[in-house]
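Input: a single structure, listed below in structure tokens.
The values are calculated or read from the model by the stated rules, or taken from the named source; none is laboratory data. Predicted model, so just to flag it, every value in this text is computed and none were measured. Methodologically, a virtual Cβ is constructed for each residue, glycine included, from the backbone with ideal geometry; neighbour enumeration extends over all protein chains shown. The accessibility values were calculated without ligands, DNA or RNA, using every heavy atom of the protein model including side chains. Shrake-Rupley method; radii C 1.70, N 1.55, O 1.52, S 1.80 Å.
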Amino acid sequence: LTSRRCALAGVACTSIISCCCIVAGAVILATYGGAAATMMSTRLSSVALQKEMLVISLNLIVTLCTESTSFVHNISLRSALASESRLRFNSNLRLLTAAHGWSNPNGALLNGIMVILLIISYSSVSLATSYRIINDTAEVDIMGIPLLVLGIALLFQVVIALSGMRAAKILTWSSSSLDLTAALVHHAQLTPVPLRCMRSVSDFNVDAGPAKPSETQPSAWHAHPSIQKVIMSLWGLVVACAGWGALVLFIYNMPKDSHPITWKSWSVFPDDQNLLYSLEYPIVGGFLMTYINLAIIQGPLTLCLHCSELITNVIRDERHWRCGTRQKGIIPAMNPLKSVIANPLCLALFVAKPVLHWVFGLCFVLFAVINPSDINDANLAVDGTWMVMYPMQVRNYYIRQALQHPYVPVQILNLSIVLFVFACFFTLVALRQRRGPQPAAYGHLQTLANLVDEWAPVMWWGHKEDGITYCHAGTSNQLLPAVKMDCVYAGISVGSHPSVL
């Protein structure tokens, strides 16, 4: 019940936030005629910092909202896959795994729509804020159209998640792999296989029974078939980002009068020292082209971050299972909030999502070009004799018939470096082997069903019985001794008797 309440509370908060974004976007469009509402006025020296603080805050809010809806969507997808006897792991690639049937809320069609909505959500944040310079001050603005689109995208994600929840018979709301295994065994959807009490997930397809304990266990890389694809995708993203930066830099350096890169060109925020290469769109349809351009480039980043959830969830499941040899034991029921807060890897990914999307947003400086001959407002400053560049949507009637969408090579290189560190970290996590004789499961449901022979609110794993030929290891509601490394373990059904402790 606690997990269900947390999930529904998160979805309710997401619904409220989405409605607020829709209302705020509509009000800005109605009041300012499609322009931006001023959020704060600040000095020129601090405008970039103020704007980026607002952007990273919006990215954090979007991450909280999408995580809430994804939890409900993941729970319903697990149950839908279980009803089709296709559920193998507790953790799966949520948006890339679908139940049968195009009309199914957990099917491929709506999963594809969820992917698009997730990308649009983060793309909207990248376009939602701007700043404009008036005399010696700067105003940080929030734009109406991206805010409206963000609200609609979040609301549709809520609708799809709730539709999936209603369509599937939820086995358990817990995110624990042990709780899910117990529910599947209880409903006779999973049957323990005998003689495999010492077999890990890497031995699942091996036709073998009794085995001796092993000092080391396989890594997540070898345990879950999708982990390798996720890691390769992360490194592919790093290479693509570095190639993108190199291409923009090459295009910039093509003119003979281009300025060379110096140490002054390197900065966290885009400024007048940065190198710019612009794409120019006509004002008619310019916003749509900007969205498409941004979504195409930001889409791979969003998908890779989504796929990285698989690594954190698989490691979380294994970490939870390996508590069976510790003093406190395993508590199968797991609070979803506590499982994230208490897990450094989950927290790292949760922080990385808004930060990486924010760093990506720094690679773009979206603005409109103002023609001085069209300016009749004394409040707007003109720089010298040529033109002033203001953010997009300053005032409709001042914008020349062009939108510029510059790429900033310095910030693209910053993004490449951050992605490189991110990919290195998750690669090391996926390759890390577990120590100890307790067989690794990594959330593989059949393996857990084979290893757990006694269910209890608190469980310990270890040596249970001696035998003439084979010993037995399993779980108990009492602290168990360590397994014997020189013994062969099979199962309780193989002529054995209780050990003398």
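3J(HN,Hα) along region 480-491: 9, x, 5, 5, 8, 5, 9, 9, 9, 10, 10, x Hz, from the Karplus curve 6.51 cos²θ - 1.76 cosθ + 1.60 with θ = phi - 60°, whole Hz, x for Gly and Pro. Of the peptides 105-112, 425-432, the ranking by mean beta-carbon count within 10 Å, highest at the top, reads 105-112, 425-432. Under 5 Å between amide hydrogens, built in the peptide plane, is the criterion, and for Ala473 it picks out Lys464, Ala490 among residues at least 5 positions away or on other chains. The slack in the chain from Leu64 to Gln327, taken as 0.36 nm per residue of separation less the alpha-carbon distance, amounts to 91.3 nm.
How many Å² of accessible area per residue for region 144-241, probe 1.4 Å?
On the way: 4400 Å² over 98 residues.
That works out to 45 Å² for each residue.
Shown is the FRET efficiency for Gln189 and Met232, computed with R0 = 41 Å from the Cβ-Cβ distance and rounded to the nearest 0.05: 0.80. Label-point separation (nm) for Met485 and Ser214, each offset 7 Å from Cα along Cα-to-Cβ? Label at Met485, label at Ser214, 1.6 nm between them. Using a simple spin-label model with pseudo-atoms 7 Å out from Cα toward Cβ, Val27 and Ser163 lie 3.0 nm apart. Here's how it looks for Asp141: its modeled amide H is under 5 Å from those of Met39, Ser130, Tyr131, Arg132, which are all 5 or more places away or on a different chain. Our estimate of slack between Asn205 and Arg4, defined as 0.36 nm per intervening residue step minus the Cα-Cα distance, is 68.9 nm.
Rolling a 1.4 angstrom probe over region 411-461 with all protein chains present gives an accessible area of which 70% lies on carbon and sulfur atoms. Protection proxy ranking, highest mean first, for peptides 56-62, 189-195, 12-18: 56-62, 12-18, 189-195, where packing is the per-residue count of other beta-carbon atoms within 10 Å, averaged.
The phi-based Karplus calculation (6.51 cos²θ - 1.76 cosθ + 1.60; θ = phi - 60°) puts the 3J(HN,Hα) values of region 58-68 at 5, 4, 5, 5, 5, 4, 4, 5, 5, 5, 5 Hz, whole numbers, x for Gly and Pro. Here Val239 and Asp466 are evaluated by their C-beta separation; at R0 = 51 Å the FRET efficiency comes out at 0.40.
Positive contributions from Lys and Arg (+1) and negative ones from Asp and Glu (-1), summed over other residues with Cβ under 15 Å from the Cβ of Leu96, come out at +4. Explain nothing, just compute: Karplus ³J(HN,Hα) = 6.51 cos²θ - 1.76 cosθ + 1.60, θ = phi - 60°, for every residue of region 333-347 in order, whole Hz, x for Gly and Pro. Karplus values, whole Hz, x for Gly and Pro: 5, 10, 5, x, 6, 5, 5, 7, 5, 7, 10, x, 5, 5, 5.
Say R0 is 30 Å: what FRET efficiency, to the nearest 0.05, do Ala342 and Leu431 get from their beta-carbon distance?
For Ala342 and Leu431, the calculated efficiency is 0.80.
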